[in-house]
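This report refers to the structure that appears directly beneath it.
The values are calculated or read from the model by the stated rules, or taken from the named source; none is laboratory data. Since the model is a prediction, treat every value here as computed from it, not as a measurement. Using ideal geometry, Cβ is built from the backbone for each residue, glycine included, and neighbour counts are taken over all protein chains shown. With ligands, DNA and RNA removed, areas are computed over all heavy atoms of the protein, side chains included. Shrake-Rupley method; radii C 1.70, N 1.55, O 1.52, S 1.80 Å.
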Amino acid sequence: MGSVEEPAIVDEIAAVREKLHRYNHEYYVMDMPSVSDAEYDRLMRLLQTLEAEHPTLVTADSPTQRVGGQPLAGFDKVTHAAPLLSLGNAFSANELRAFDSRVRSNVDAAELEYVVELKIDGLAVNLIYEAGRLRRAATRGDGLIGEDVTANVKTIRSIPLVLQPELQAVPDYFEVRGEVLMLKADFAALNARQEAEGQKAFANPRNAAAGSLRQLDSRITARRRLHFFAYGI
């Protein structure tokens, strides 16, 4: 392809990527797809072809990069900007009352209200977005230092690689904290596949999610259906 046509190729690839990012958001985040699976697949094949013909134009946040790359030798350590704390436990009514007393002693309010929600049992992850693009993902670790699992997190379809600024103003830098989990149906299917292949079955969905996210080979992570639930920003 001649250099005169290069800007046109750059624009075409950017336009296809933008559409795919938007369709991913509609399908995996909003649960409101606006195009058919066939149209999505057509655009993905087009992008794969264009990037194969112009490898210098492949970017880390391209939708084609969700499939996983070459295995890592190990995970790099990441220091969290703010501690990524874990939840406390209460195993009795007395422990719950003690928790309430501690809260009341530290809050200047006559009345307190609690919000109660189900605990999602997965693996805590911190996402960093810069200029609307996913730059890094790290596990909780010990709360201060975690592991860089960006390559694996990119395979999770419910985590956007590029945010949609037309939906909401996007800060230049922010962090999203949440839980990577595996649904029970996906856990059952994974264990059935493990046993069929003569591999060891996972004990529970949490172990399966944690083991899948911490694979050195992100292609293995990509083959397992992981989800992300955000709870803080």
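Of all residues in region 65-97, count the ones that are of a type in the set (A, V, I, L, M), surrounded by 12 or more Cβ atoms within 10 Å (Cβ to Cβ) and at pLDDT 90 or above.
2
Looking for whichever is over 28 Å from residue 225 (Cα atoms) and either open to solvent by 60 Å² or more (accessible area, probe 1.4 Å) or modelled with pLDDT of 85 or more (or both) here; the options are 29, 4. Which one fits?
Details: 29 fails: over 28 Å from residue 225 (Cα atoms).
Exactly one residue qualifies, and that residue is 4.
Please pick out the residue among 62, 34, 92, 86 that is more than 26 Å from residue 225 (Cβ to Cβ) and of a type in the set (Ser, Thr, Tyr). Outline the logic, then answer.
Values: 62 fails: more than 26 Å from residue 225 (Cβ to Cβ); 34 fails: more than 26 Å from residue 225 (Cβ to Cβ); 86 fails: more than 26 Å from residue 225 (Cβ to Cβ).
Result: 92 is the single residue among 62, 34, 92, 86 that is more than 26 Å from residue 225 (Cβ to Cβ) and of a type in the set (Ser, Thr, Tyr).
Residues being open to solvent by 30 Å² or more (accessible area, probe 1.4 Å) and assigned to a helix (DSSP H, G or I): count how many of those fall in region 32-54.
12
Evaluate region 120-141: report whether one residue or more is assigned to a loop (DSSP other than H, G, I, E, B) and surrounded by fewer than 11 Cβ atoms within 10 Å (Cβ to Cβ). Before you say what the answer is, go through the steps one by one.
Step one: of region 120-141, the residues assigned to a loop (DSSP other than H, G, I, E, B) are 120-122, 131-132, 140-141.
Within this subset, residues satisfying the condition of being surrounded by fewer than 11 Cβ atoms within 10 Å (Cβ to Cβ) are none.
So far as region 120-141 goes, no, none of its residues is assigned to a loop (DSSP other than H, G, I, E, B) and surrounded by fewer than 11 Cβ atoms within 10 Å (Cβ to Cβ).
Looking at 136, 223, 140, which one is at pLDDT 95 or above and not β-branched (Val, Ile, Thr)?
Details: 223 fails: at pLDDT 95 or above; 140 fails: at pLDDT 95 or above.
Exactly one residue qualifies, and that residue is 136.
Where the second residue is assigned to a loop (DSSP other than H, G, I, E, B) and open to solvent by less than 90 Å² (accessible area, probe 1.4 Å) and the first is under 18 Å from residue 135 (Cα atoms) and touching a residue at least 60 places away in the same chain (Cβ under 8 Å) and lies in region 158-172, which pairs have Cβ atoms under 7 Å and are six or more apart or on separate chains?
Between residues of region 158-172 that are under 18 Å from residue 135 (Cα atoms) and touching a residue at least 60 places away in the same chain (Cβ under 8 Å) and residues that are assigned to a loop (DSSP other than H, G, I, E, B) and open to solvent by less than 90 Å² (accessible area, probe 1.4 Å), the close pairs are 161/61; 161/154; 162/61; 162/132.
In region 196-206, is there at least one residue being open to solvent by less than 40 Å² (accessible area, probe 1.4 Å), under 17 Å from the mean Cα position of the chain (by Cα) and at pLDDT below 90?
no
Quick check: is even one residue across region 9-17 free of Cβ contacts under 8 Å to residues at least 40 places away in the same chain, more than 19 Å from residue 154 (Cβ to Cβ), aliphatic (A, V, I, L, M) and surrounded by 14 or more Cβ atoms within 10 Å (Cβ to Cβ)?
no
Picking from 103, 116, which residue would you name as being over 30 Å from residue 11 (Cα atoms), part of a helix (DSSP H, G or I) and of a type in the set (Val, Ile, Thr)?
Values: 116 fails: part of a helix (DSSP H, G or I).
After ruling out the rest, the residue left standing is 103.
Considering 123, 50, 72, which residue is in contact (Cβ under 8 Å) with a residue 12 or more places away in the chain and more than 22 Å from residue 136 (Cα to Cα)? It would help to see each step written out before you state the result.
Values: 123 fails: more than 22 Å from residue 136 (Cα to Cα); 72 fails: more than 22 Å from residue 136 (Cα to Cα).
When all the criteria are applied, what remains is 50.
Report those helices (runs of 4 or more DSSP H) wholly inside region 150-233 carrying at least 3 residues which are in contact with an Asp or Glu (Cβ under 9 Å, 6 or more places away or on another chain). Before the answer, list the steps.
On the way: elements: 150-153, 184-196, 205-213, 218-222.
In region 150-233, 205-213 are the helices (runs of 4 or more DSSP H) which contain 3 or more residues that are in contact with an Asp or Glu (Cβ under 9 Å, 6 or more places away or on another chain).
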